[in-house]
1. Among the numbered criteria (1) assigned to a loop (DSSP other than H, G, I, E, B); (2) over 21 Å from I135 (Cβ atoms); (3) within 12 Å of ligand 2 (Cβ to nearest atom); (4) not aromatic (F, W, Y), which one does G239 miss?
2. Could you pull out the residue among S170, S141, S151, S156 that is in the same structural domain as T128 (by TED's automatic domain parsing) and more than 16 Å from ligand 2 (Cβ to nearest atom)?
3. (1) buried (at least 21 other Cβ atoms within 10 Å of the Cβ); (2) among the aliphatic types (A, V, I, L, M); (3) at positive phi: which one isn't true of V48, the others all being true?
4. Could you identify the single residue in W318, W311, W295 that is among the aromatic types (F, W, Y) and within 14 Å of ligand 1 (Cβ to nearest atom)?
5. Sort out which residues of segment 181-229 are assigned to a helix (DSSP H, G or I), within 10 Å of ligand 2 (Cβ to nearest atom) and surrounded by fewer than 24 Cβ atoms within 10 Å (Cβ to Cβ), and write them in order of number.
6. Which count do you get for residues in segment 79-127 that are of a type in the set (D, E, K, R) and near ligand 1 (Cβ under 9 Å from one of its atoms)?
7. Taking into account only those residues within segment 128-152 that are more than 15 Å from ligand 1 (Cβ to nearest atom) and of a type in the set (S, T, Y), which is least open to solvent (accessible area, probe 1.4 Å)?
8. When residues of segment 181-192 are filtered for being more than 7 Å from ligand 1 (Cβ to nearest atom) and either of a type in the set (G, A, S) or under 16 Å from T250 (Cβ atoms) (or both), how many remain?
Amino acid sequence: MRNLLITGGAGFIGSNFVRYMLEKYPDYRLVVYDKLTYAGNLDNLKDVAQRFAGRYTFIQGDIADAAKVDEVMREHEIDAIVNFAAETHVDRSLMGAGSFIQTDVYGTYVLLEAAKKYGVERYHQISTDEVYGEIPEGYSSVETDPLHTRSPYSASKAGGDLMCIAYFTSFGVPVTITRGSNNIGPYQYPEKVVPLFITNAIDDIPLPLYGDGRQMRDYQYVLDHCEGIDVVLHRGQPGEIYNVGTGVETQNIVMARRILDLLGKPYSLIQPVKDRPGHDRRYSLNCDKLKALGWESRHTFEQALEKTVRWYVENEWWWRPIKSGAHFEEYYTRQYQGREI
Ligand code: NAD
Ligand code: DAU
């Protein structure tokens with residue numbers, strides 16, 4: 001594998017993965033193919049474009065555009081696809097699910113068709129722990145568990161996963177899937193809870209905490225997730241699914257208080273707001289299958305959060321233009337106005 005197509009590579013995890021791969025594999029060429037939706041941002045790859053000019057190409061395009069995907073596959077002699085491209089925010093999927101179905105399900109199908117036609121060495125799908133649904137305390141999901149999706153986002157991601165398995169089973173496309181828990185780290189769009197809370201706290205704006213704040217998420221550092229994807233891409237078995245997470249869950253209220261501690265801000269900034277409809281209370285992953293391939297998470301929650309807070313403190317150039325932009329302001333008003341309880 002030498003010529004990799006990284007779809008959604010201008011987003012949060014995709015851009016971290018692109019940097020990680022170019023640093024680690026000096027003989028790989030990466031083509032980032034991204035529609036640049038509100039969540040895609042070439043600032044995420046600014047340093048990459050400068051440091052790896054000869055081995056990195058950016059192409060703006062939609063994964064649901066079969067003709068353009070075909071052209072890119074042919075012209076760049078792509079031999080592996082890693083698909084990060086997706087609509088990714090649960091709250092936006094509650095406002096309207098169409099773009100989620102179009103990108104996360106239909107777009108995945110278009111990429112699988114291209115993978116089949118060009119006989120790629122590997123098609124890797126980035127999926128999520130949300131496909132298992134909410135998980136009772138005392139249990140952690142394994143890869144063979146049934147899917148219990150509850151939001152339009154998770155249902156769309158599950159549709160993509162099932163299509164991947166169908167292309168492996170029916171056509172022998174060498175597909176692998178990773179299901180990751182919540183990522184935190186540099187370049188995460190500040191609609192997601194951790195960068196939202198950090199940047200609000202820096203500006204003394206209330207932190208809108210959904211419901212009782214006792215929901216649990218496994219917050220992992222984005223580069224640990226990238227390493228897990230790398231391990232599966234090179235050592236995972238075609239047709240197989242691998243969970244990626246720390247295996248340790250934290251309540252949202254604890255995460256919010258820790259952010260305020262790290263920034264020296266008062267807990268009174270926490271503002272309880274009406275809960276997310278259908279809010280999954282807990283996710284938890286059993287990651288033994290990936291650990292058996294030699295992977296392990298390098299950051300505890302505390303270390304991951306500290307690094308993340310520091311990055312947002314030191315990189316206001318990145319998030320201030322997003323938060324002061326018309327798109328974000330309109331979204332924020334629609335999502336949070338009048339929601340206080
Ligand atoms: P993100 O929203 O930051 O980035 C998504 C990227 O996909 C953006 O650059 C966007 O422009 C691009 N995109 C969207 N629609 C597209 C289309 N039709 N064609 C081409 N590009 C398109 O997302 P993220 O948080 O980096 O997530 C990346 C992947 O990882 C997604 O598949 C998501 O479901 C999965 N995932 C995310 C997390 C998390 O905590 N963020 C955890 C597990 C899995
Ligand atoms: O679990 C993996 C998933 O993690 C990914 O597949 C998704 O793409 C990613 O967005 C994320 O989904 P969540 O819904 O878990 O992330 P979010 O940051 O939106 O919310 C995390 C938790 O924080 C969740 O319990 C809801 C809560 N929350 C969120 C927001 C935005 C709040 O309390 N207040 C908020 O304002």
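The values are calculated or read from the model by the stated rules, or taken from the named source; none is laboratory data. If you're wondering where the values come from, they're calculated on a predicted model, not measured in any experiment. With ideal geometry, Cβ positions are generated from the backbone for all residues, glycine too; neighbour counts draw on all protein chains shown. Accessible surface areas use protein heavy atoms only, side chains included; no ligands, DNA or RNA. Shrake-Rupley method; radii C 1.70, N 1.55, O 1.52, S 1.80 Å.
1. All conditions pass for G239, except number (3).
2. Only one candidate qualifies: S170.
3. (3)
4. None of the other options fit; the residue is W318.
5. V193, L196, N200
6. Residues flagged as of a type in the set (D, E, K, R) and near ligand 1 (Cβ under 9 Å from one of its atoms) within segment 79-127 amount to 2.
7. So, considering only residues that are more than 15 Å from ligand 1 (Cβ to nearest atom) and of a type in the set (S, T, Y), the one least open to solvent (accessible area, probe 1.4 Å) is S140.
8. 2
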